[in-house]
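Take a look at the structure set out below.
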Amino acid sequence: MPPRTAAAAAGGPGSGSTPSRLRPGASSKSTTYSRNKRLWWIGGSVLVGLVFLWLLFSTPSATSSDLSGRPPRNSRSSAARQGDGGATDPLSVLITHLVDTTDHRALARRVRELAIERPVGSAAHSRVADLIRAHFASLSGWRLDEDSFEQPTILGQQRFTNLIATFLPKRSQRHLLRSTNMRDIAAPRRLVLAAHYDSKRFEHFSFHAATDSAVPVAILLDLATALQPWLLRARDADRLDLALQLVFFDGEEAFGEWTESDSVYGSTHLASLWANISLAADAAPTPHANGLSNISLFLLLDLIGGPAPTIYNYLFDIPASDAAFRSMASIEATLTRLKLLHQPIDENGLPIEPSPPPTDTAAYFVPRALQRRMFIDDDHRAFLARNVPVLHAIPIPYPGVWHLESDNVANLDWQVVHDFALLAKVFTASYLQLQSSPP
């Protein structure tokens, strides 16, 4: 992850009373005859019993989860249905159905599998790459390409492998890039989401890098699983106009202190590779187009999972980047209105009981521009330099656990993790114009 000095450059741009007990209904009239009094009492009791039975059987029965007092497994699903107020606009309908696809426990499990010490060249690093490979091997419609290369570093020659998962529109199945190792990824246009899967090497402590970037990688894997039915249906109906690409970069972290030459090895190599590949004539948006020309947007996730992240629109002077940022901010506002974000939930996506006191629900994505142009160095560097539109989802300031031993699963804010997983899915589905109704 880039040095903290990049973050510093941003500057600043932050008792009801209980109801009274009801008295049993009884006649207010007195009688001198105890027998009549008993008859009145028996009659009143029978009447109360009949009313109770009528109420019991006329009320819809509770579900097992209601009786146990526990919320449903996916509490956000019911929140979406209760909070939409009968909304019928396509985005709200799509959101309601996408919430149903979220498996919070699976996402948490992926984060735990990925948040291990995994510097380039280690056995754990290879194990994480294998987890990504296995995930896409279990899905339909995706193909996985690998960009492997060796490069000298301050620690000697190192081998890096970028993993590129692509879901192609049906109409672009025959579009080829003229390259032996990166075939079939071209399409008229494509949306790219990316994160890095390596962790920085520290000699004196074990760095699990949960926010940096096990959580972003897990979010992309969750997105691929959740959107697969929508993608397959859209492709089969020939309604998918963009390819979707999920890129897992290797070698983002520096082997020493962060410099331009000692950092972002994988993304630099892949951007150069794509820039020097010619698109097939029927896939090229313009004459002399290269493998970067048809990227509509490059969305990079990094340092996600700390509490109260704030992401600024620091690429505001690039129209496509600014438009994408504002679209994400609008989606966040819609999700917040539906009470699907900024709600206290645990690792498994269940409401925290008892609910903590209300806190500031400031937006994650702040669309207003900063006072001055700034740059945060990261895996988007080589793409931005080649005029690829970028949406950089990185919090400023960095999480307090940045490059510390405490950047581990125990210190994650699970509400933020699940919020960003939902944001990524809804943004992607909306960007690809997937149908709002479920497959």
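Key figures
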{"quantity": "Whether segment 303-439 is rounded, prolate or oblate, judged on the alpha carbon gyration tensor where a/c under 1.5 counts as rounded", "calculated": "oblate"}
{"quantity": "Difference of contour (0.36 nm per residue) and Cα-Cα distance, ARG127 to ALA363", "calculated": "81.4 nm"}
{"quantity": "Stretch gain in nm, segment ARG159-PHE316, where the contour uses 0.36 nm per residue and the Cα spacing is subtracted", "calculated": "52.9 nm"}
{"quantity": "Fully extended contour minus Cα-Cα distance, from LEU232 to GLU257, at 0.36 nm per residue", "calculated": "4.6 nm"}
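Read the figures in this text as sums done on the coordinates, not as results from a lab. Just so you know, these numbers come straight off a predicted model, no measurement behind them.
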